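Derivation of every value follows stated rules applied to the coordinates shown; laboratory data play no part. Keep in mind that what you see is a predicted model, and the values were worked out from it rather than measured. Glycine also receives a Cβ, built like all others from the backbone with ideal geometry; neighbour counts cover every protein chain displayed.
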Amino acid sequence: MQLIVFMEPAERVAFQNSGFFCCRPEENAAKLKAICAAEVLPYPEPFVSIAVLHDDELPCDSHAHIYGLAAELSALHFAILKTSDDVLNSIELVSNNDLKQRMNEMADRRRRHQPYGSLRKHVRDLRTLSTEQKFKEILGLSGVRGSHGYTEARLNRKLTLDDVVDWGTCDGLGVETAEPTPGADIPGFFL
């Protein structure tokens, strides 16, 4: 399992300069908070959206990478996160699809007094699970993806540079470009 965070070039520079990264607040946060409150789901602020990919998937080939692209065809950077206890224990929500889309659909159906249980069953609250159970739940949902073609998890805190195990870049056409591993030129860095 790969945990991938896509970011635009300016976001990566800011992350590397400050040591912290989080997603911009969602334009319809009040609507999403309301559905989360109704369903007793966490709505973390700040949060980081994480694309969950299988080990054999290339991040630039995943459907998730298009959500990080700016309007112009610019490079898109991504961080590959550690699957450490710290990272996994900071993940509270996961969906087998784009999480924001799932929550929007649930909120819209709730507003129209339509059933939405079929959507809700694809959003999992991981707060009470052990680290091992979280890993299994996230991995399991990544095997039954929805129409967006990827699984999304949400980190309930800012991302730190310590959470990152490697970096990559997709060019504006979605092709991964070679990038040196940070610290590879420092003797003993990975010891």
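Numbers below:
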{"item": "Size of the range 2-177 as Cα extents on the principal axes (Å, biggest first)", "result": "47, 37, 31"}
{"item": "Amide hydrogen neighbours beyond the local backbone of T151, cut-off 5 Å, H modeled", "result": "V52"}
{"item": "Top positive-direction residue, dipole computed over the range 2-177 with Cβ charges, set L88, P25, S49", "result": "P25"}
{"item": "Radius, Kirkwood style, for the range 96-146 when every pair of distinct Cα atoms is counted (Å)", "result": "11.9"}
